[in-house]
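Inspection log for the structure reproduced underneath, given as structure tokens.
The values are calculated or read from the model by the stated rules, or taken from the named source; none is laboratory data. Remember, predicted model here, so these are calculated numbers, not experimental data. Cβ: placed from backbone, ideal geometry, glycine included. Neighbour counts: every protein chain shown. The protein model used for the area step is the full one, side chains on, heavy atoms only, and it has no ligands, DNA or RNA in it. Shrake-Rupley method; radii C 1.70, N 1.55, O 1.52, S 1.80 Å.
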Amino acid sequence: MNRGFWAIFKKDKLGMLGLFIFILFFVIAILGLILTSGRHPLFDPSMIRLEEKLKPPLSHANINVLSPEQIPPFGIYIFGTDELGRDVFSRMLQGAWVSLTVGFVAVGISVAIGIVIGGIAGYFGHYYIKNYHMLLICLFSLGIFSFVKRYWSALFCTLIFLLLLLYVKTKSPFLKKGIISVDTLITGIIDVMLCFPSFFLILTIVAFIPGSLYSIMVVIGLTSWMGTARFVRAEFLSLREQDFVLAAKALGVSEFRIIFRHMMPNAIAPVLVSATLGIASAILTEAGLSFLGFGVPPPHATWGNILADGKQYLFDAPWLTFAPGIAILVVVLSFNLFGEALRDALNPRLRY
Amino acid sequence: MFPFIVRSIIQKTITLFFISIISFSVIHLAPGEPSQINPMNPRFTPELIKRFRSQFHLDKPLYMQYLIFYKDLFSGKLCSWKDGRPVLRKIWERFLNSLPLFIVGTLLTWTLSFPIGIHSAIKRGGVFDKTATFFAYFFISIPGFFFAYVLIIFVVNTFHVPVIGMKTFGFSSDSLHMIMDRIWHMLIPSVLSATGGIAILSRYVRSQMLEVEAQDYIRTARAKGVPEDEVHYKHALRNALLPFITMFGLVIPGLIGGSVIIESIFSWPGIGRMAYEAILSRDYPVVITLNFISAVLVLIGTFISDLLYMVADPRIRL
């Protein structure tokens, strides 16, 4: 990232707006976490006031019927209240942190997996998986199996075979015969994963494992790494042939250092862009899951489940739909705008 | 061309095998067994669970379950756990309900996004381009379920008509009214499913068109005095359209994947809603089959798009 990048980025007004909202959202989410957690939070998202059901936004709290600890801050409901009299603004604050963490952690997982898998396919793709690798894997799983089932004699035999295999592996031509190249294997895996429509697959998995915030993050991360892997693979394939890599090799730089210090900084631009856009789609996916009722279990508020709870009162209390809906829209929009601006600014063809 | 088809079919068959394994094993990620659908249900006595297990082969090892499952699926004997009806027939019925929605949505997407994209590429940086770009980002970012409710509020408050379901209940006076009623109910869901598609596709058309317009042969065409319209619509457009032939094959999978949320909001008895209900009631055969079928549709779609590309672009002989 040099000065040229920032000069181009600054000219993109929509991108700057996106960046501004992005930072604002970050601050709000962290403030929201601080203000809504603890034993006596300033904004209590789970305080039930049955006397104050479905109050419209900016209405004043009825101080006469509420006990002192039930009165919201400043005495007004900024976004109104829901069907249990809970303050929607507090619930939105709590939900902001969920959206933020889901977006960042899920994308972090998917980017990490994508970089590792794409990097292996791009850099080590020309190696072949040989027969003795397969045998090694078979023996290894056999060993673990007999260890778990406590068949000690089988474990002993497996270990002997393992040692034997390690000893003869370079001598036998059959064991050295390649089956499939690493690149073919990994692109095959990516193709298989791409066949599944992602939202439906995520929905299926999330519905069948116990619902929590972390499982959603992990599931979204595990099902969306394919794009990053493809980018990294393509970049690595072309970078590997470049002169500076050859020079580094000639200097005797270790492979680890070549990959992470020399090649990765050059391959990171498209990853960064797709990560930014990925955060937007992860937030949307989480909201969709919460909306369908699979997601962070209640009473914890997320923007998706505030909206889902509000749909019964669509005509009587539209703010229950509009507040979270507009919040999701604005945040996702800012990430999309920021990502597109980033793509333009990082594109070397646009830099004169 | 022929060797390509054979090679591609072999490849796709291998992929299909792994897809079948994944879609089968996803279900078994869940802790506990499928027979423990609801352990709190007092009607689930141990005998009943045992009978249930043997009836659905749950007492066999996993690989046998896998084999039996796909044997039943391909011979059409696979039955839903909920009502005991054949899964394939159930899916087919719901598919027929989803089909009109899908067709109208796809037609709207493909007829609207091309003119929008092309026009904003030609008038790059103009008012139309800026507006179109803004709305494209807006519709990409808006959550579908929120937009659905905004539309419902708007339509119900303005026209005072029902919008949920496939038809108005108890409303079947004569055929003309009935058809109008059906079309009316179809309108909002299909517009909804089209907006996202229009936004994405028109951006794609625009960038493709811009890329082609920057090529040397376009400059050559201008230099030799070809009229501007001809440059745009004859030289540039034809080349810009090429990648979209491949996207045509990828339309097919949208049949199942994209409709879960919209169909469950509008109580539309289609495939997406069936998937949602099956997941809620843990109807494993239906869930596995739907996952499997949608992945197979993607596979078929990519195959068709490869073929189309090869026919359309003489430069590519894969």
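Remarks
- Pairs of Lys residues in chain A, spaced 8 or more positions apart or belonging to different chains, with C-alpha separations under 24 angstrom: 7 in total.
- For chain B, the membrane-span-like helices by this rule, meaning whole DSSP H stretches whose C-alpha atoms cover at least 27 Å of axis and whose Kyte-Doolittle mean is -0.5 or above, are B:2-27, B:87-122, B:175-213, B:284-312; this says nothing about an actual membrane.
- With Cα atoms as the point set, chain B shows a radius of gyration and Dmax of 24.5, 86 Å.
- Accessible area of B:PHE4 in the full protein assembly, 1.4 Å probe (Å², nearest 10): 20 Å²
- Volume per residue of the convex hull around the Cα atoms, evaluated for the stretch B:71-167, comes out as 187 Å³.
- Under the criterion of Cα pairs below 8 Å and six or more residues apart, the relative contact order for the stretch A:131-178 equals 48 percent.
- Cα gyration tensor category, rounded, prolate or oblate, for the stretch A:155-248 with a/c compared to 1.5: oblate
- Chymotrypsin sites (Phe, Trp or Tyr not before Pro) within the stretch A:182-263, DSSP loop, no more than 15 other Cβ atoms inside 10 Å: none
- Stokes-Einstein translational diffusion, the stretch B:210-278 - Kirkwood Rh over all Cα pairs, 1.306 mPa s, 10 °C, in µm²/s: 104 µm²/s
- Helix-derived mean residue ellipticity, 222 nm - over chain B, DSSP H n ≥ 4, -39500 (n - 2.57), to 500: -23500 deg cm²/dmol
- Residues in the stretch A:299-323 occluded by at least 50 Å² - accessible area, probe radius 1.4 Å, against chain by itself: A:LEU314, A:PHE315, A:PHE322
- Using the Cβ-Cβ distance between B:VAL150 and A:LEU237 with R0 set to 60 Å, the FRET efficiency works out to roughly 0.85.
- Label positions at A:TYR128 and A:ALA247, each projected 7 Å from the Cα along the C-beta direction, are separated by 3.5 nm.
- Restricted to Cα atoms, the stretch A:131-178 shows a radius of gyration and a Dmax of 11.6, 35 angstrom.
- Debye intensity ratio I(q)/I(0), log10, the protein assembly as shown, q values 0.09 Å⁻¹ (C-alpha model): -0.96
- Dividing the helix sum by the residues of chain A, where each DSSP H run of 4 or more adds -39500 (n - 2.57), gives a mean residue ellipticity at 222 nm of -22000 deg cm²/dmol.
- Label zone at B:PHE138 (point 7 Å along Cα-to-Cβ), backbone N below 16 Å, the stretch A:1-45: A:14
- Across peptide A:324-334, the average count of Cβ atoms from other chains found within 10 Å of a residue's Cβ is 4.
- Straight-line cross-link reach from B:LYS90 at under 26 Å between alpha-carbon atoms covers these lysines, not counting any fewer than eight positions away in the same chain: B:LYS71, B:LYS77, B:LYS82, B:LYS167.
- Förster radius 30 Å - calculated FRET efficiency between A:LYS311 and B:LEU107, Cβ distance, rounded to 0.05: 0.55
- Cα centroid separation - the stretch A:147-213 against the stretch B:181-226, whole Å: 43 Å
- Rg over Rh [alpha-carbon atoms, Kirkwood Rh] for chain A: 1.11
- Distance from the stretch A:229-270 to the stretch A:15-55 (C-alpha centre basis), Å: 43 Å
- Note on A:LEU166 and A:LEU33: their simple-model spin labels are 4.4 nm apart, each label 7 Å out from Cα toward Cβ.
- Förster-model FRET efficiency, 35 Å R0, B:TYR233 and B:VAL311, C-beta, rounded to 0.05: 0.95
- The heavy atoms of A:CYS157 present about 70 square angstrom of accessible area, all protein chains included, probe 1.4 Å.
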